[in-house]
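Report on one structure; see the data block that follows.
The values are calculated or read from the model by the stated rules, or taken from the named source; none is laboratory data. All figures in this text were calculated on a predicted structure; none of them were measured in a lab. Positions of Cβ are generated from backbone atoms using ideal geometry, with glycine treated the same way; all protein chains shown enter the neighbour counts. Ligands, DNA and RNA are stripped out before the accessible areas are found, and what is left, the full protein with its side chains, is counted by its heavy atoms. Shrake-Rupley method; radii C 1.70, N 1.55, O 1.52, S 1.80 Å.
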Amino acid sequence: MNQIIVLFGKTLSAFSQMFNLGNGSTWPGHIALQINKHFVRDILKNSATKIILVAGTNGKTTTSLLIKTILETNGKTVIHNSSGANLINGIASTLLLNANLIGKVRAEYAIFEVDENSLTKVLAEIDPQYILLLNLFRDQLDRYGEVATIAKKWTDAILHEEHINLILNADDPQIAFIGQQLFNQKLVKYFGLNAQGKKEFDHAVDSIYCPRCGTKLDYADIYYSHLGNWSCPKCHLKRPQLSQEAAPFYPLPGQYNEYNTFAATLVAKELGLSEGQIKHGLQQFKPAFGRQEIVEYQGKKMQLFLSKNPTGFNESLRTIKELKATNILIALNDRIADGRDVSWIWDIDTEMLGEFAKHITVTGDRAYDMGLRIKYSGIPNSTFQTSTNLKSAISESINKLSDEETLYILPTYTAMLELRKILSGKKIL
Amino acid sequence: MTNNSTSSVRHSLTIGWLYPDLMSTYGDRGNIITLQKRCEWRGIKVEVKKISVGDDAKHLKLCSLVMMGGAEDRQQEIVSEDLKKGKDKILKEVIENNIPGIFICGAYQFLGNYYKEANGNIITGLGIFDVHTENTSKNNARLIGNIAVKNFLNDVLIGFENHGGRTYLGKNVKALGTVENGYGNNGEDKTEGAIYKNAIGTYLHGPILPKNPLLADWLIGKALETKYKEQIALEPLDDTLENQARDAIVKTL
């Protein structure tokens, strides 16, 4: 039966690709699961593929692609679910596309990005060799509810499994604590930063209380949001020892990308690659669309930084400031995938823009809300303009660029997809 | 009240921001930013006093305006414990003395008489608003979405609500307004929020003040009036962008 589903799914996908029908990456899997709800489990039982699950609020796509690049550069075969296909139906679709006609996947490795709220469901169908947990930040509150709730769901789902290797961000107390509760400590490895950090928090910070006893945590160094070298003054729970605090090469700017790079390096090491092989892989890395990818359009350069929650947005702003940005386009949508409530934009430190931006164009469905945020950041009216039409907003921004200048674009998720359509003439993935 | 005058650089206000580190989950900081800027743009000096766990309750008495936002359950427990150590009495006192305030979502529920959880457990509130909230298990669905409310200023408030609790008004409190689109306090009686003296409770995120400049200015006006014991007019500001943002939402309702 699964073989028939595979054949059917491949036909559907080919059809949708041929006609450029857009997001064909989840509905074949959706149909497969309707026919056989254990489709994912069955296909993987047939295959010898080693599975790595990647979960976290920010960084899944970049980190998955880092790992994929390292593996493929070193001759391994890898499948990976496309960005945006990180629910169980997306994983099913990926398996459909890559399974042969006897329902077997031949790739040596599968890297699956998993949406925060789907990890439990996915673990019911998949037995991964590795789970990589990157971070947990406030994101889309109207879809997910609370950060603490997700941490609890993850803990319950993971601690039930007795033989999965965990690769965890030591600097995120809630995530580190999952590892610290595991009976077999040999199965957990941690990555984190070991550098001088800040002594004070940004505004939009979650989970700074001890995950074990609820006391406010002390931080010797704060890196960003609630990530840092933490310890509890009451029960003495503290950041676990790091197995990875550096990388042989850094393909992307931004402190948040150090975490992604360390995570990918640690996973690759666990899979048996040498430092030299990992370095070689990282040097070949090309960023994913929207995650610092540089695109040429109408003769000018633009670089996109997907920014979908306060933490990610702040890190994008810091990074483009380092890159000496002066022309910025911000695109805020409020579709289901972005989160319908845009209150979160008031947790972004947009005041930073006053330090470096010369021209800001604000666009998207909720352009005026973002315009208000910018206005209330003390940015003068002459520095920013608001326009709900994405295409004309891009043209207006481009007109202000000199030949050498880059336009830095900070879009939310669906705005990024729309941009991709405009900038490359293709619907997403 | 003595003669009317207009706000100017002679005036200053202290805004008390309760538990900013714990109860700021939904962008409620935007309310403080809005109040601050709307004062600064008129030359009114503003100090924002952050009052949190362990801070002396007397700081509240120095405030001309108070704001408290919403939070996750774990943080609300911590806040509840701290409030009972003295801040609750002072808060009641300053509100009785007509200090304007805005209390959002979890804070609104706290200031009510009680909150009844799904398991029947009753959590006592501060009893400042004559309201109570229930979150019974059969009402599992959260009340979520854009909301428009015709309020006591005859202005339509535009915001976004997201709450599991259903709040019911008692006799000694008025509704903040009537729901035109959305759920409001409980999805049944078309009321939204509550107002007692100059203290407002509401479920509106957005956050509420950036897109509702009339309400923001009402709070500022009341703060000046209570401090300087005279009605002080506020210079109008250019609210074009605010109105464009409001219209964009109204079109979708």
Scaled by the rule-of-thumb 2.2 N^0.38 Å, the alpha carbon Rg for the stretch B:46-152 gives a ratio of 1.15
GNM of chain A, Cα pairs under 10 angstrom: of A:Asn399, A:Asn309, A:Asn184, the biggest fluctuation goes to A:Asn399
Where a ≥ b ≥ c are root eigenvalues of the Cα gyration tensor, a/c under 1.5 meaning rounded, otherwise prolate if a/b exceeds b/c and oblate otherwise, the stretch B:17-100 counts as oblate
Label model pair B:Gln231, B:Glu96: point-to-point distance (7 angstrom along the Cα→beta-carbon line) in nm is 2.7
Under the 7 Å Cα-to-Cβ spin-label approximation, A:Arg212 and B:Asn243 lie apart by a distance in nanometres of 5.9
Ordered by number, the residues of the stretch A:334-373 that have at least 20 Å² less accessible area in the complete protein assembly than on their own chain alone (1.4 Å probe) are A:Arg340, A:Asp341, A:Ser343, A:Trp346, A:Asp347, A:Arg366, A:Tyr368, A:Asp369, A:Leu372
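How high is the relative contact order of the stretch A:1-126? Use alpha-carbon pairs under 8 Å, at least six apart in sequence, and give a whole percent. Walk me through the intermediate numbers first.
On the way: 196 pairs, mean separation 47.6, N = 126.
Dividing the mean separation by the residue count of the stretch A:1-126 yields 38 percent.
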The set of residues whose placed amide H lies less than 5 Å from the amide H of A:His80, leaving out same-chain residues fewer than 5 positions away, is A:Ile111
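Total Å² of accessible surface buried at the A-B contact, 1.4 Å probe, nearest 100? Can you show the working numbers first?
Values: alone 18160 and 11800 Å², together 27060 Å².
Interface area, both chains combined: 2900 Å², rounded to the nearest 100.
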Taking the alpha-carbon centre of each part, the distance from the stretch A:152-168 to the stretch B:81-122 in Å is 39
For A:Lys121, the lysines lying under 23 Å Cα to Cα, once residues fewer than eight places off in the same chain are dropped, come out as A:Lys37, A:Lys45, A:Lys50, A:Lys60, A:Lys104, A:Lys152, A:Lys153
Highest GNM mean-square fluctuation among B:Gly125, B:Gly221, B:Gly43, for chain B with Cα springs under 10 Å, belongs to B:Gly43
Chain A: relative contact order from alpha carbon pairs under 8 Å, six or more residues apart, as a whole percent, is 15
Calc'd 3J(HN,Hα), the stretch B:127-134, phi into Karplus 6.51 cos²θ - 1.76 cosθ + 1.60 (θ = phi - 60°), Hz, glycine/Pro = x, comes to x, 8, 9, 7, 9, 9, 10, 10
With x for Gly and Pro, the residue-by-residue ³J(HN,Hα) of the stretch B:94-107, computed from phi through the Karplus equation 6.51 cos²θ - 1.76 cosθ + 1.60 at θ = phi - 60° and given in whole Hz, is 5, 5, 4, 8, 6, 4, x, x, 9, 10, 10, 6, x, 5
Largest-first ranking of A:Ile294, A:Ile88, A:Ile43 by accessible area, probe 1.4 Å, whole protein assembly kept, is A:Ile294, A:Ile88, A:Ile43
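Quote the relative contact order of chain B in percent (integer), defining contacts as alpha-carbon pairs under 8 Å separated by 6+ residues. Each step should come with its number before you reach the end.
Details: 550 pairs, mean separation 54.1, N = 253.
Normalised by residue count, the contact order of chain B is 21 percent.
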The local net charge around A:Ala48, scoring Lys/Arg +1 and Asp/Glu -1 for residues other than A:Ala48 whose Cβ lies under 11 Å from its Cβ, equals +3
Within the stretch A:283-335, DSSP-loop trypsin sites (Lys or Arg not before Pro) with at most 13 other C-beta atoms within 10 Å are A:Lys324
For A:Tyr223, the residues 5 or more places away or on another chain with a placed amide H closer than 5 Å to its own amide H are A:Lys198, A:Gly228, A:Asn229
For the protein assembly as shown, the dipole about the Cα centre with charges only on Cβ (Lys and Arg +1, Asp and Glu -1), to the nearest 20 debye, works out at 540
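Calculated from DSSP H runs of 4 or more alone, at -39500 (n - 2.57) each and per residue, what is the 222 nm mean residue ellipticity of the protein assembly as shown, nearest 500?
Values: 21 runs with 223 residues, N = 682.
Only helices count here, giving -10000 deg cm²/dmol.
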Among B:Ala223, B:Ala57, B:Ala199, the residue with the largest mean-square fluctuation in a Gaussian network model of chain B built from Cα contacts under 10 Å is B:Ala57
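Can you work out the accessible area per residue across the protein assembly as shown, with the rest of the protein chains kept in place, probe 1.4 Å, in square angstrom?
Working: 27060 Å² over 682 residues.
About 40 Å² of surface per residue is accessible.
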Excluding ligands, DNA and RNA, the carbon-plus-sulfur percentage of the accessible area of the stretch A:61-208 with a 1.4 Å probe reads 49
Sorted list, accessible surface of protein heavy atoms, 1.4 Å probe, largest first, for B:Glu96, B:Glu81, A:Glu258 is B:Glu81, B:Glu96, A:Glu258
For the stretch B:150-253, the Cα convex hull volume per residue in Å³ comes to 107
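Going by the alpha-carbon gyration tensor, a ≥ b ≥ c the square roots of its eigenvalues, is chain B rounded (a/c under 1.5) or, if a/c is not under 1.5, prolate (a/b greater than b/c) versus oblate?
Values: a/c = 1.78, a/b = 1.22, b/c = 1.45.
Since a/c reaches 1.5 but b/c is at least a/b, the shape of chain B is classed as oblate.
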Amide H contacts under 5 Å for B:Leu157, restricted to residues at least 5 apart in sequence or on another chain and with H modeled in the peptide plane, are B:Val149, B:Lys150, B:Asn151
Residue-ordered couplings for the stretch B:237-250, obtained by feeding phi - 60° into the Karplus form 6.51 cos²θ - 1.76 cosθ + 1.60 and rounding to whole Hz (Gly and Pro as x), are 10, 7, 9, 4, 5, 4, 5, 5, 5, 5, 4, 4, 7, 4
